[in-house]
Amino acid sequence: MTVLTASETEQPFNIMLVEDCDSERCLLSGLITAMGLNSVDFSDAESAIDYLSDHDIDLVITDWMMPNMNGIEFCKILKLSINSPYTILLTGNSDNSHIVEGINSGADDYVAKPFNSAVLKARINAGLRIIEMQRQLAQKNKTLNHLLEKEQQYLRSVKQDLALAAQLQQALLPDNGLLNQQWQVTCEFKPAQDLAGDIFQCFNIDKQHIGFYLLDVSGHGTAASMQSFTLAQNLTNNHQAWQALDVCKLINTLNNEFGDPQNSGCFATMVIGIANTVTGAVELVNAGHPAPIVINAQQAYFVDKTPLKIEPQLPVGIRKNVQYSSSHFSLAQQEHLLLYSDGIYECRHPKHGFFGQPRLLKIVNDARTLTPDSLLHHLTHSCDLWQQKQAQDDISLMLISAQSATNNSLTCQLN
């Protein structure tokens, strides 16, 4: 018979014997010693309980019939402790009802008296194996808890970094305000996660021209946001191509320098353009992006539905050395150009499906008399309701208003 001894474990087993009969207690103690184990022995349960208040015990062997406090009462008290010891109850009665009573009281095993030494050793070894498994499990839990704490510390650090990165991303976006010739830009940005793959900007190039773009990198989260950061660095307002008013050179260069080191099929859709704030002339390139919307007092319509048919071209990053071409149109006084990412219309309702561009255009049409801020808030609120306030994609909106009225309204109120 294989016997677990103290030398085979990381720490010795602490065994307690509780038996009021001196001869039987001596017999049990000799059996424990023969197994290579040590025990503390008590003649009554009260003394054993006092000892347990200051000492840890792994296994208890106790007699059932004892004066004052019997084994059943003792087992019940043992099971009240947080780390109750494995308990073997010695009983002179092997009736099923007594066995059930003993197990229900908290005993883990029982041995009938007079006991066979080999049987008792086997029961003790079985108990010690369970105790050893519990120790190993406790050690593994301790290790897991330590790893979990380290993981939580790491996640807290990542969360702080993401919050800082989100602030940096927000800082790259334009502030609502006036541009050249009283033109105005108004923005709304709602990332689906801490970081977004969308980024946009609108700024004065010189006293007569403004530059603008809105790009949406495929995917979500950190990887997409880092790619959008990189692209934005190549589109800063001090870029020579902005000063040269060469929007095609900007996007051609951006496409040729677009990096996808993991070859994961990453790309970016984009609208980029330059507007003359004196004449209202707009030069625009659409690289696979949703068509902008022009808004005036009478209607709202997609730019690609105009006679010029400004069709989208390949997204940035699909193929190198593509030569993008631009289209031209004009914004009249009190007209507005709405740029947006696909998150505003590709959100899904669990029952009614996609929000859709036709619904987006209808909402813009119905709300075109609102102020720029109110219009964008209305659009994002409509999208939130449609997706039941469960963000599915980044939402970016940028409204460029040509010579905004002093009352900041989308329609020119005539007397």
Amide H contacts of Met16 (H built 1.01 Å from N, under 5 Å, at least 5 apart or other chain) | Val40, Leu59, Val60, Ile61
Crossing angle, helix 247-256 versus the chain [Cα axis fit, 0-90 degrees, rounded to tens] = 30
Local electrostatic count, His378, Cβ distance below 14 Å [Lys/Arg +1, Asp/Glu -1] | 0
Alpha-carbon Rg/Rh ratio, for region 86-195, with Rh computed the Kirkwood way = 1.60
Considering only the other residues whose Cβ falls under 15 Å of the Cβ of Asp206, what net charge follows from Lys and Arg at +1 and Asp and Glu at -1?
-> -1
Percent RCO, i.e. relative contact order, over region 277-383, from Cα pairs under 8 Å lying at least 6 residues apart | 30
Taking Cα atoms only, helix 372-386 is inclined relative to the longest principal axis of the chain by an angle, in degrees rounded to 10, of 40
Fraction of accessible area attributable to carbon and sulfur, the chain (%, probe 1.4 Å) = 51
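Contact order normalised by length for region 135-288, with contacts defined as Cα pairs under 8 Å and 6 or more residues apart; what percent is it?
Rounded, it is 19 percent for region 135-288.
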Among Tyr324, Ser382, Val100, the residue whose Cα sits farthest towards the positive end of the charge dipole of the chain (+1 at Cβ of Lys and Arg, -1 at Cβ of Asp and Glu, taken about the Cα centre) is Tyr324
Could you work out how far the C-alpha centroid of region 336-365 sits from that of region 189-253, in angstrom?
-> 22
Using a/c under 1.5 as the rounded threshold, could you call region 249-298 rounded, prolate or oblate? The axes a ≥ b ≥ c are square roots of the C-alpha gyration tensor eigenvalues, and prolate needs a/b larger than b/c, oblate otherwise.
-> oblate
For Asn70, list long-range residues whose amide hydrogen, built 1.01 Å from N in the peptide plane, is under 5 Å from its own amide hydrogen.
-> none
Roughly speaking, what is the stretch gain from Tyr51 to Cys248, that is 0.36 nm per residue apart minus the C-alpha to C-alpha distance, in nm to one decimal?
-> 62.2 nm
Reachable aspartates and glutamates from Lys389, Cα under 12 Å, same-chain residues fewer than 8 places away excluded?
-> none
For Lys320, counting only aspartates and glutamates whose alpha-carbon sits under 20 Å away and dropping same-chain residues fewer than eight positions off, the answer is Asp216, Asp246, Glu257, Asp260, Glu311
Rounded to the nearest 500 deg cm²/dmol, what is the calculated helix-only ellipticity per residue at 222 nm for the chain, with -39500 (n - 2.57) per DSSP H run of length n ≥ 4?
-> -11500 deg cm²/dmol
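Please give the length that would be gained between Arg348 and Asn70 if that part of the chain were fully extended, namely 0.36 nm times their separation in residues minus their C-alpha to C-alpha distance (nm, one decimal).
93.2 nm
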Relative contact order (%) - criterion: Cα under 8 Å, at least six apart; region: region 78-177 | 20
State the Cα centre-to-centre distance between region 272-329 and region 21-62 in whole Å.
-> 89
Residues whose placed amide H lies under 5 Å from that of Asp198, excluding near-sequence neighbours = Val217
Burial-style ranking of 224-236, 22-34, 159-171, 141-153, average other-beta-carbon count within 10 Å with highest first, yields 224-236, 22-34, 159-171, 141-153
Tally Lys/Arg at +1 and Asp/Glu at -1 over every other residue whose Cβ is under 15 Å from the Cβ of Gly177; what's the total?
-> -3
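The values are calculated or read from the model by the stated rules, or taken from the named source; none is laboratory data. Note that the structure is predicted; figures quoted are calculated from it, not measured. Quick reminder, even Gly has a Cβ in these numbers, built from the backbone with ideal geometry, and neighbours come from all protein chains shown. Ligands, DNA and RNA are stripped out before the accessible areas are found, and what is left, the full protein with its side chains, is counted by its heavy atoms. Shrake-Rupley method; radii C 1.70, N 1.55, O 1.52, S 1.80 Å.
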